[in-house]
1. With a 10 Å radius around each residue's Cβ, average the other Cβ atoms per peptide and rank 55-62, 68-75, highest first.
2. Computed FRET efficiency, Cβ-Cβ of ARG194 and MET98, R0 45 Å: what is it to the nearest 0.05?
3. Would you calculate the volume per residue, in Å³, of the smallest convex hull containing every Cα atom of the range 156-196?
4. Contact order normalised by length for the range 83-198, with contacts defined as Cα pairs under 8 Å and 6 or more residues apart; what percent is it?
5. How far apart, in nm, are the 7 Å Cα→Cβ label points at ARG66 and GLU79?
6. May I ask you to list the GluC sites (Glu not before Pro) in the range 157-198 that are in a DSSP loop and have at most 12 other Cβ atoms within 10 Å of their Cβ?
7. What translational D, rounded to a whole number of µm²/s, comes out for the range 41-130 from Stokes-Einstein when the hydrodynamic radius is the Kirkwood one over Cα pairs, at 37 °C and 0.692 mPa s?
8. Order the peptides 137-145, 158-166, 88-96 from the highest to the lowest mean number of other Cβ atoms within 10 Å of their residues.
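Just so it is clear, none of the values below were taken in a lab; they were calculated from the coordinates. Just so you know, these numbers come straight off a predicted model, no measurement behind them. Methodologically, a virtual Cβ is constructed for each residue, glycine included, from the backbone with ideal geometry; neighbour enumeration extends over all protein chains shown.
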Amino acid sequence: MFGFHHGRSRDDQHSRAEAWRAVRSGWGRHGGSGFAGEDGIHGGGRRRVFDGGELRLVLLRLIADRPSHGYDLIRAIEERTGGAYAPSPGVVYPTLTMLGDMEQIAEQPGEGTRRVFAVAEEGRRVLADKAKEVEALMHRLDAIGAMRARTEGGSIRRAMHNLKAVLQHKLAGEAADRATIEQAVALIDDAAQRIERL
């Protein structure tokens, strides 16, 4: 519904669109934001944020930044997206096993008895070869977080819930004729266009 200015790059437009869809899919559960599930965000629906290959690159990049345990990686992604997305252990740990089998990461001793994953030479090579793709994926995470921060404002959330309630009350009954529905649609479309031009 909302467009993007033509002056922005295609990658930036894509990241912002991904961010908006990710955050929007989190609305509507228990009157608030959704929560991350096994492969995406729960709430108004479920949507995969990364495919398997993309998630491998994200985890590899995070491990290259700092040796981490699986839980650390989940938490790092959740914090980076402002809580809008966190991959489940059922997705992360098999992906880490795969990265280990591909010799891109290796276990090393951590604090106490816990072992952490560190990037291996092959992993550094992959990150260098796919540097542009990796940066785009990290930018997508940051865009989701930025969009979440903007849309989590109380006034915006209140206005959206108010609109939803009014539409349900006004249009759900049998008294809503086609002319009334068309007027409501026109008003919503007009509001969307006005916001897009801000």
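1. 55-62, 68-75
2. Calculated value: 0.40.
3. 49
4. Relative contact order comes out at 14 percent.
5. If labels sit at ARG66 and GLU79, their model points lie 0.5 nm apart.
6. Filter output for the range 157-198: GLU174.
7. Rounded, D is 243 µm²/s.
8. 137-145, 88-96, 158-166
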